[in-house]
Amino acid sequence: MSDRIYKINELIKVEAGQILQKEIILEDGVLTVTAVETTNDLRQAIVWLGFFGNNKEEVENLISEKAKDIQKKINHRLTLKHVPKLEYKFDKSGEYADEIGRVLRKISQ
């Protein structure tokens, strides 16, 4: 990954995190931006999200509903010739770690 792509990924990560924090108000749970992967041509980016809580489907629906508004806000905040079109995916590593913890606790008992 080039330095430019790395910097753009980090910039999108920070900006998307700030916007999501304001747009997606959660009463029960925590939503974080864990990573961003931008294509080399800067046309598309995957925003990886981590969610800890019980209403994951509700959060997915909220993000789908507000995706265009979030994209517009990102477009206005970033000063790039081409701002990538954002796609949101949930990072399952937290769920995987929880499952491993449950299995290890079960084994130790």
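Each value in this text was obtained by applying a stated rule to the coordinates, not by laboratory testing. Computed from a predicted model, the values in this text were never measured in an experiment. Cβ atoms come from the backbone with ideal geometry, glycine included; neighbour counts cover every protein chain shown.
Going by how many other beta carbons lie within 10 Å of each one, how would you line up Leu104, Leu62, fewest first?
Ascending number of Cβ neighbours within 10 Å: Leu104, Leu62.
Note the listed values (i) 1.01; (ii) 1.22; (iii) 1.41, then indicate which one is Cα Rg over 2.2 N^0.38 Å calculated from this particular structure.
(ii)
Determine the alpha carbon to alpha carbon distance for each of Lys66/Lys92; Lys66/Lys106; Lys13/Lys106; Lys22/Lys106 and list only those over 30 Å.
On the way: Lys66/Lys92 22 Å; Lys66/Lys106 40 Å; Lys13/Lys106 37 Å; Lys22/Lys106 39 Å.
The pairs that break the limit, which is 30 Å between Cα atoms, are Lys66/Lys106; Lys13/Lys106; Lys22/Lys106.
Give me Thr38, Thr32, Thr79 sorted ascending by neighbouring Cβ count inside 10 Å, so fewest comes first.
The order, fewest Cβ neighbours first, is Thr79, Thr32, Thr38.
State the antiparallel share, in %, of DSSP beta bridges confined to the chain, rounding to the nearest 5.
In the chain, DSSP labels about 55 percent of beta bridges as antiparallel.
How about Lys81: which lysines have a C-alpha closer than 17 Å to its C-alpha, ignoring those fewer than 8 places off in the same chain?
Of all the lysines, those that pass the test against Lys81 - Cα under 17 Å, at least 8 places apart if same chain - are Lys7, Lys72, Lys73.
Which FRET efficiency value, to the nearest 0.05, do you get for Thr79 and Ser108 by plugging their Cβ-Cβ distance into 1/(1 + (r/R0)^6) with R0 = 30 Å?
So, using R0 = 30 Å, E works out to roughly 0.05.
Are there GluC sites (Glu not before Pro) in region 22-58 that DSSP marks as loop and that have at most 16 other Cβ atoms within 10 Å, and which are they?
When the GluC sites (Glu not before Pro) of region 22-58 are filtered for loop state and at most 16 Cβ neighbours within 10 Å, Glu27 remain.
Find how much the distance from Lys7 to Leu26 grows on full extension, using 0.36 nm per residue of separation minus their present alpha carbon separation; answer in nm with one decimal.
Taking Lys7 through Leu26 to full extension adds about 4.0 nm, to one decimal.
What is the dipole size for the chain, taken about its Cα centre, with +1 at each Lys and Arg Cβ and -1 at each Asp and Glu Cβ, in debye to the nearest 20?
For the chain, the charge dipole is close to 380 debye.
Based on other C-beta atoms within 10 Å, arrange Val103, Val83, Val14 from fewest to most.
Listing Val103, Val83, Val14 from fewest to most nearby Cβ atoms yields Val103, Val14, Val83.
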